[in-house]
Amino acid sequence: MSDRLVIFDTTLRDGEQAPGIALTPDEKLTIAHQLAALRVDVIEAGFAASSDGDFEAVANIAKQVRGPVIASLARCHPDDIDRANDALKHADRYRIHVFQSTSAIHMERMLRMSPDEVMKSVVEGVTRARGYVDDVEFSPQDATRTDVDFLIAVCRAAVDAGATTINVPDTVGYSTPTEFVELLSKVYAEVTRGRDDIIVSTHCHNDLGLAVANSLSAIHAGARQIECAMNGIGERAGNTSTEEVIMAVKTREDQFGVEIGADTTQLFDTSRLVSRLTGYPVQFNKAVVGRNAFAHESGIHQHGVLRDRLTYEIMDPAEVGQSGSQIILGKHSGRAGFQDALNKIGVSLEDDAFQRAFNRVKELADRKVEINEEELRIIVADTPQGDNAVEFVGMHVAGGNDMTPEATVKLRIDGDEQSFKGTGDGMVHAAFAALRQGFAIEAGLIDYRVVPVTAGADAMAEVSVVIGVDGKTYSGRGIDTDVVTGSARAFVAALNKSIGAKAEEG
Ligand code: KIV
Ligand code: ZN
């Protein structure tokens, strides 16, 4: 059995299925580049047949991201498999991941298929995928609630048809570590039958908070691939956290005895990027990447850590890229200082984008004493880099005890500055009403979140919105020291995306 554990990251597929997440193909590409920098082994880039947008995202990632194997999910339907192959074929190395439900409840109630029909579809699906590529993964969905004998029979049939990875999903997060080890040991023995070119994999959901524990326990049963998502995002309570698996295996090598290829120093940046683009905040006490993961509050702990970090820390913050952000810019910083700060965070901006981001930093620095590294990253990500149909110039809100809040927003449309007014139940509501007027778009607000980026009274707030326009969803982010302005920026970003998408549709 190999000592190498394959990290299969599904942030862009199962992670993106989490409610309210709506990543654009460009956002998915940005995350995929960062996952490549993290050096995960496999990136599941999406489910190519599920939508044109996902097809485009998978295809762009396959064309542009080098390093990891690029995968797409596919049902055992010929069209799904063909579509996955079309999207993936430009990758250096790619994998088609076919799945089919195998539990009685899924087969009877959802698929309305008999076990024989399911078995036949698996063999046909895997065979078709193998016609395109040697690297084929099969997942029996809801494996942990599947009759064990049927599970083994289907997985064996998949291997005989050419599958090289057999993934055992705990689709509904029902299993426990002891039970999962028992199941995986059986799958390992009876499905691989001594073949060391067949990899047994796990895919655990977190409904009972056991996803990471179940996945790690499976290593003892011979599993050599773990499917996981950054920040643990995914359907319902989410998936196994990529960062937790990587650091558990690295920190407790004595327990797991497997090697990984990940560059752990990229974990923090990857976590923050995923959080920013999905709009899903990272809980403060999240293991490895949470703001407090290396913070010591009580006097006894602080005293211990000051004497020797190892008294209360089992990992070095630098090892996961949490080296603490340095303060790098203030209101007196000039263009050279700004360029230097960008170099430090590894960002290069072309003339126009540089100027826009610089103006934004100056504008914020006027209202805030200092801008740190994390804030700078967000400002750069938040500053429109290309041509937006409409540019946010500024806003003014008025309201008070007895007054209906009223917002006036200034927008630049085709080079002309124009003002629009709106009223609402609160300041944010009023600002959105004014923006709807300015864009002349009927946009419903589906999701709205505010997260403080850093601590302190002058902290910047990051606002994420998801809007619905003509049955489609678009996400947008905005950042500002003022929550209402940040909200307006986020709304403008989402509205601009809806205009961009319409223009592409022609
Ligand atoms: O949870 C699940 O069963 C899945 C499969 C499609 C792998 O996501
Ligand atoms: Zn899943």
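The values are calculated or read from the model by the stated rules, or taken from the named source; none is laboratory data. Just so you know, these numbers come straight off a predicted model, no measurement behind them. Cβ: placed from backbone, ideal geometry, glycine included. Neighbour counts: every protein chain shown. All accessible areas refer to the heavy atoms of the entire protein, side chains included, with ligands and DNA or RNA removed. Shrake-Rupley method; radii C 1.70, N 1.55, O 1.52, S 1.80 Å.
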Hey, if you put +1 on the Cβ of every Lys and Arg and -1 on every Asp and Glu Cβ in region 390-505, which of V451, A431, A398 ends up farthest toward the positive end of that dipole?
-> V451
Can you give the charge dipole size of region 250-397 about its Cα centre, rounded to the nearest 20 debye, using +1 on the beta carbon of Lys and Arg and -1 on the beta carbon of Asp and Glu?
-> 440
Peptides 143-151, 8-16, 72-80 ordered by average Cβ neighbours within 10 Å, highest first = 8-16, 72-80, 143-151
Can you send over the solvent-accessible area of K63, 1.4 Å probe, protein chains only, in Å² to the nearest 10?
-> 110
Spelling it out for C204: with amide H atoms placed in the peptide plane at 1.01 Å from N, the residues 5 or more places away or on another chain with amide H under 5 Å from its amide H are D170, E227, T240
Of the candidates A218, F138, A158, the farthest towards the positive dipole end of the chain (Lys/Arg Cβ +1, Asp/Glu Cβ -1, centred on the Cα centre) is A218
Tell me, what ³J(HN,Hα) does each residue in region 434-446 have, in order and in whole Hz, if you take phi through Karplus 6.51 cos²θ - 1.76 cosθ + 1.60 with θ = phi - 60° and put x for Gly and Pro?
-> 5, 5, 4, 4, x, 8, 6, 10, 7, 10, x, 8, 9
Taking a probe of 1.4 angstrom, what is the accessible area of D26 in Å², to the nearest 10?
-> 110
Relative to the chain, whose Cα atoms define the longest principal axis, helix 483-505 and its Cα axis are tilted in degrees, nearest 10, by 60
Would you please give the residues with an amide H less than 5 Å from that of S101, counting only those at least 5 places away or on a separate chain, with H modeled from the backbone geometry?
-> Q141
Cβ-defined net charge surrounding G131, 12 Å radius [Lys, Arg +1; Asp, Glu -1] | -1
For the chain, accessible area per residue (1.4 Å probe, heavy atoms of protein chains only), Å² = 44
Round to the nearest 10 and give me the degree value, 0 to 90, for the angle of helix 335-344's Cα axis relative to the longest principal axis of the chain.
-> 10
Mind jotting down the distance between the C-alpha centroids of region 71-148 and region 234-260, whole Å?
-> 26
For region 6-278, alpha-carbon Rg relative to the globular expectation (2.2 N^0.38 Å, N residues) = 0.92
The relative contact order of the chain, taking Cα pairs under 8 Å that sit 6 or more residues apart, comes to a percentage of 10
Net charge contributed by nearby residues that have their C-beta within less than 13 Å of P115 (K/R +1, D/E -1) = -3
With Cβ to Cβ distances under 12 Å as the rule, what net charge do the other residues near G162 carry (K, R +1; D, E -1)?
-> -4
